Every structure is written in C-alpha cells, then in structure tokens.
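Derivation of every value follows stated rules applied to the coordinates shown; laboratory data play no part. These numbers were taken from a predicted model, which means no experiment stands behind them. Here Cβ is always computed from backbone atoms with ideal geometry, including for glycine, and neighbour counts include all displayed protein chains.
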Amino acid sequence: MKSRKALATTAPGSFSPARSTGSFVRVRVQPRASRDEIIGWREPGVLSVRVTAPPVEGQANRAVEELLARALGVKRSDVSVVRGESGRDKLVRVASLGPAEVEERTGRVTSDGG
C-alpha cells in the first residue's frame, strides 16, 4: 500500500507523480465559454481550458474532467479534480497516464485543433 504522505508533500507548480502510472496537472478553467476546448499551456505546468458549463454545483468540474478524458484518450473515471473545486485554478489527477504522456497528448490536441 502506498503512503498518502508522498502525495501531500509534492509541491504544486508542474506535473507530479500520482503513482507509478499517473500524474497531477494544474489546470486554469474558463467556464461558460462558447465551446469546450483545450487552449494550451499558459505557463510551465498550467494547462488552460474552456468549458461551456457554468461554475454551478460542480458542472464545470465535471465538464473539465470529461474534456480532459476525451482529449487524453482515457476513461472518464481516470480523471478527477482533486483541488480547486470552487475556483478557476484546479489540480487534476490523471490516474492512467504519466506526465510526459499528458503533455504529449494535450500538445497534440491543441496543435491539431487550434
């Protein structure tokens, strides 16, 4: 069994290992946008996204999770907002991909789609 202490001691700012096959990514969200999309990397370690859902009763959080799962090609249950539920700046856990895979897949989505 892995210790939770390892998760708590990781400083935010970029990717952090969640497990041997997972990562955390900081996300900046713009709710009530005209469409759901990944904008790209704002600064090192911060992914910018837009979602059409309003920031009411967790709707925007669910939309962020669904958008990232779709873009990354993982199950919806592998993506979860773990911090920042009521703000625009969030920490999102991607359980099934490492940091390099997340960065590669989101880079590919933004360069092909934007």
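Annotations for the structure displayed:
- Residue order, fewest to most beta carbons within 10 Å, for 52, 106: 52, 106
- Compactness of the range 14-113 as Cα Rg over 2.2 N^0.38 Å, two decimals: 0.95
- Theoretical gain in end-to-end length, residue 70 to residue 88 [0.36 nm per residue, Cα-Cα removed]: 4.5 nm
- Amide H to amide H, with H built 1.01 Å from N, residue 97 comes under 5 Å of 23, counting only residues 5 or more places away or on other chains.
- 5 angstrom amide H check on residue 48, placed H, neighbours 5+ away: 28, 39, 40, 41, 42
- Cα→Cβ-extended label distance, 7 Å offset, between residue 57 and residue 104, nm: 4.1 nm
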